[in-house]
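What follows is a single structure, written as structure tokens, with notes after it.
The values are calculated or read from the model by the stated rules, or taken from the named source; none is laboratory data. Since this is a predicted model, take the numbers as computed values, not measurements. Reconstructed Cβ throughout: ideal geometry from the backbone, glycine too, with neighbour counts over all protein chains shown.
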Amino acid sequence: MVFVEDLNLVGLSRGMLGKHCLDAGFGQFFNILEQTCFKNGVYFQKVDSRKTSQICPNCGVETGRKELSEPTHICSNCGYTTDRDVAAAQVVLLRGLAAVGHTVKMLAEGKFIGIPVKQESPNF
């Protein structure tokens, strides 16, 4: 399985680094990646890109906005420490697995993501 952030490429192209984003060809890369996954029988899905670098992948707590000069993710809630890009990739993975129905257990607090909610049958 391959999961990527569903980036707003139009919004990125309007920012300060817009020309560089357009030159890099992110949209074309995602299209090529999706077609390559399809040809090789690999599942491909885009996931919500909001706050992936601001959420702790270990406990799910929002850790707040990080400056670009801050290369490390440190969670004040559970103490989980890793590279900020690794933490964001782990959040993308958790969202992708939850989207396809895999049960994802949060390590620190025993939280589960992606478990279907049991619906009570009405009493007749």
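Close Cβ contacts (under 8 Å, 6 or more residues apart or on different chains) running from residues in region 64-79 that are hydrophobic (A, V, I, L, M, F, W, C) to residues that are surrounded by fewer than 14 Cβ atoms within 10 Å (Cβ to Cβ) and part of a loop (DSSP other than H, G, I, E, B) comprise CYS78/GLU109. Just checking, does region 68-88 include any residue being among the charged types (D, E, K, R) and over 26 Å from VAL2 (Cβ atoms)? Within region 68-88, one or more residues are among the charged types (D, E, K, R) and over 26 Å from VAL2 (Cβ atoms).
Among residues of region 1-20 that are farther than 27 Å from LEU94 by Cα, none has a Cβ under 9 angstrom from a residue that is modelled with pLDDT of 80 or more and in a helix (DSSP H, G or I) at a sequence gap of 6+ or on a separate chain. Applying the criterion of being under 21 Å from ALA98 (Cβ atoms) and not aromatic (Phe, Trp, Tyr) to the residues of region 34-47, the residue that is surrounded by the most Cβ atoms within 10 Å (Cβ to Cβ) is VAL47.
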